[in-house]
Every structure is written in C-alpha cells, then in structure tokens.
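Before anything else, here's the structure in question.
Nothing in this text is a laboratory measurement; each read-out follows from the coordinates by a stated rule. Computed from a prediction, not measured in an experiment: that's the story for all the values here.
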Amino acid sequence: MIRSVVRGFGAALPKRVVTNSELEKTVDTTDEWIVQRTGITQRYIAAPEETSASLGADAARAALENAGLTPADIDVIIVATSTPDNTFPATAVNIQYRLGMTHGFAFDMQAVCTGFVYAVTTADSFIRSGQARRVLVIGTETFSRILDWTDRTTCVLFGDGAGAIVLEAEEGAGTVADRGVLAASLRSDGSHKEKLYVDGGPSTTGTVGHLRMEGREVFKHAVGMITDVIIDAFDKTGLTPDDLDWLVPHQANRRIIEGSAKKLAIPLEKVVITVDLHGNTSAASIPLALAVAASDGRIKKGDLVMLEAMGGGFTWGSVLLRW
Ligand code: ACO
C-alpha cells in the first residue's frame with residue numbers, strides 16, 4: 001500500500017522582527033495585553049521585496065535541501081495561501097518558476113488558516129492514486145499586507161512567513177505503524193463568513209481589502225471544531241490521543257491551543273507551540289512549527305503527529321501522520 005511520507009522540511013521568515021513593545025509605539029495596545037490574551041511576544045513582518053512567493057520559494061529550497069532532492073525530483077507543487085502575490089497566476093506557479101521548474105504542475109489552495117491541512121490531504125490523494133511520486137507542499141503568507149494597522153483587535157495577532165514539506169510515495173504494509181499520512185478529516189461551513197473574512201476581492205470591490213474578525217465569536221467555535229476533527233482522524237485509524245507523540249496545531253492563539261489539548265487530555269509537553277515567536281501566520285503556521293520541532297530534534301522519525309487547524313470560512317481539519 002502506498003503512503004505519503006515526509007521526506008524533508010524547511011522554513012523561511014522575513015528578516016524583520018517586530019516585538020510587542022515596538023507595536024506599542026504605533027498601536028493602542030500593550031505587551032501585557034497581547035501576551036495574556038494570545039501568548040504572542042513577537043512576529044516577523046515582510047519587507048516590500050519579501051512576498052508570499054519569495055518566502056515560499058525559500059522555504060521550498062530549504063525543504064528540498066533537507067530531503068536531499070532537487071526541483072527535478074518534484075512532480076507537483078501545492079501552495080496554501082490567502083495572500084497570493086497576484087490574483088493570478090497562482091503563487092505556486094510563481095514558485096515553480098523561481099525554482100527553475102518547467103515540468104510537472106503547480107496550483108494554489110485557499111482554505112485560510114486550514115490551507116496547509118487541506119494541501120497535505122490533497123497531496124496525499126495525488127500520491128496514493130499514483131498521479132505523483134513527490135509533492136512539494138508549501139504554506140506561505142504575508143498577512144501584514146491585508147491587516148488594518150489601525151484596528152488593534154486584529155493587527156497585533158498576525159505575522160508573515162513560510163514553511164514547506166516534501167511528501168514522497170513509499171510502499172508499506174498499510175498498518176498504522178507505517179510512516180506517512182494515516183488519516184485526515186476536512187470540514188467547512190460558509191454560514192460563519194461574517195466572523196472572519198477579508199472585506200475586499202477582485203469580484204466584489206475590486207480591491208484587496210482588509211481582514212475583519214469577531215475574535216470572541218471565532219474563539220467560541222474554535223476548540224469544539226478542532227477537537228471534533230482530531231477525534232474523527234483518530235477514529236479512522238483506531239489510534240487514540242494516548243498514542244500521540246506530538247500535536248502540531250495551527251498557531252493562532254495559545255489559549256485555543258491549550259484549550260484543545262486539555263479537552264483531549266493531551267499533555268502540553270506533547271504540544272508544539274511557536275505562536276509566541278511567529279504570531280498567527282495562517283497557512284504557514286503548521287509547516288513553520290513542524291520545521292522548528294523537527295530541526296531541534298523533538299519530532300523524530302516514526303513519531304505519531306497530529307496536525308490541526310481552523311480558520312476563515314469557517315474551514316477546519318486535521319491530518320494524522322507518522323513522521
Ligand atoms: N490591545 C489592548 N486592548 C485590546 C486589544 C489590543 N490589541 N484588542 C482588543 N482590546 C480590548 C477591547 O477593545 C476590549 O476592551 P473593552 O472591554 O473596553 O471593550 C477588551 O480588550 C477585550 O476585548 P475582547 O475582544 O473581548 O478580548 P478577548 O479576550 O476575546 O481577546 C482575542 C481577543 C485575542 C482576539 C480573542 O478573542 C481570540 O483569541 N479570538 C480568536 C481569534 C483568533 O485567534 N483568530 C485568528 C484567526 S482564526 C484562526 O486562526 C483560528
């Protein structure tokens with residue numbers, strides 16, 4: 001049975017770090033408020049020349065190097081982003097060009113903060129159906145460009161960055177002991193649109209628009225939705241939260257992460273948290289967190305890892321994989 005195994009990982013962050021104290025100078029907020037409500041202490045903000053495509057390409061190069069591969073080895077590039085360089089062509093095709101690739105195909109996926117979970121699930125389907133052998137899956141965002149910097153309820157929460165993994169087909173026995181993607185659970189419900197959306201777009205206002213959010217409303221739904229899809233993915237495999245080595249959540253807010261882990265009795269020592277350093281980087285947050293925890297030796301080959309996310313739409317989902 002073919003499984004999609006993580007062969008390499010990589011990340012890229014803008015050069016500029018913006019701390020909470022620096023934000024205090026331009027926004028009516030305090031370091032104490034931000035840390036207490038979210039756990040965020042700093043975020044990275046892209047310079048004009050740093051774009052979703054440039055950061056994504058840097059993360060992709062890092063993942064290829066980590067995998068010991070070159071762009072020639074890749075069949076498909078899937079990019080999860082809500083902040084593309086252009087409305088079209090897709091940021092994935094832009095990255096394909098930056099990597100010097102003229103073979104294969106590349107496309108974007110838009111599921112906001114859940115984008116990377118959707119993209120991994122899609123890549124896994126291409127691999128298991130035999131349509132691709134190796135897929136580069138990238139999450140890349142420059143949310144700083146769609147923030148209303150006069151709205152303190154949103155602008156302190158987000159950051160820019162990119163992360164990538166290479167998924168590769170590997171023949172296995174088809175048991176839960178095999179490495180690779182074991183199960184996924186994807187959901188969406190458009191009736192929640194007003195709680196988290198961007199107030200612009202090519203087909204409505206003809207502008208890029210700004211992110212708008214009813215933070216409390218998002219918070220109210222987050223833990224329940226996240227834990228539902230985690231349980232659903234476990235149920236598909238017969239595994240349970242007790243079997244888990246690492247929970248790698250979308251990094252929106254420390255309180256949502258802790259609330260979800262608590263509900264499932266997953267100890268915090270098994271949870272990878274990077275929101276303190278990166279802020280919420282939407283579709284980039286999971287691959288960034290994976291890169292941090294795999295680089296520092298926490299996530300090891302054979303570990304059982306649960307990815308989960310929830311975001312605008314609403315969209316939400318999980319992927320259970322053996323690293
Ligand atoms: N600095 C100082 N004060 C602030 C700030 C700020 N940056 N932002 C809001 N406040 C004030 C508000 O004006 C309000 O003041 P008031 O009581 O005088 O009216 C007070 O703080 C409380 O505001 P709330 O919005 O009720 O604060 P809450 O405790 O709900 O925290 C937060 C806000 C952090 C946004 C929280 O609701 C949250 O985490 N929601 C989840 C949203 C999220 O993470 N979204 C990310 C995208 S979706 C995803 O990735 C899952």
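When only Cα pairs under 8 Å and 6 or more residues apart are kept, what is the percent relative contact order across region 55-102?
44
I need the shape label for the chain. Rule: rounded when a/c is under 1.5, else prolate if a/b > b/c, else oblate, with a, b, c from the alpha carbon gyration tensor.
oblate
Which whole-number percent is the relative contact order of the chain (Cα, under 8 Å, 6+ apart)?
Across the chain, relative contact order equals 26 percent.
Straight-line reach from Lys15: which lysines have a Cα under 28 Å away, not including same-chain ones fewer than 8 places off?
Lys25
Tell me the Kirkwood hydrodynamic radius of region 180-322 in angstroms, computed as one over the mean inverse distance between distinct C-alpha pairs.
It works out to 15.8 Å.
Pop out the ³J(HN,Hα) list for region 177-188 in order, Karplus 6.51 cos²θ - 1.76 cosθ + 1.60 with θ = phi - 60°, rounded to Hz; leave Gly and Pro as x.
Karplus values, whole Hz, x for Gly and Pro: 7, 5, 6, x, 6, 9, 6, 8, 9, 10, 9, 7.
Given the options Gly224, Gly312, Gly39, state which has the largest fluctuation in a GNM of the chain using a 10 Å cut-off (strictly under) for Cα springs.
Judging by the Gaussian network model, the answer is Gly224.
Now, a different point. List the relative contact order of region 180-322 as a percent without decimals, with contacts defined as Cα pairs under 8 Å and 6+ residues apart.
With pairs under 8 Å counted, the relative contact order is 37 percent.
Give the average over all directions of the projected area of the C-alpha convex hull of region 2-171, one decimal, in nm². Working shown, then result.
Details: hull surface 40.7 nm².
Reported value for the Cα convex hull: 10.2 nm².
Now, a different point. What is the set of long-range amide H partners of Gly201 at a cut-off below 5 Å, with H atoms built 1.01 Å from backbone N?
Placed amide hydrogens put Gly206, Thr207 under 5 Å from Gly201.
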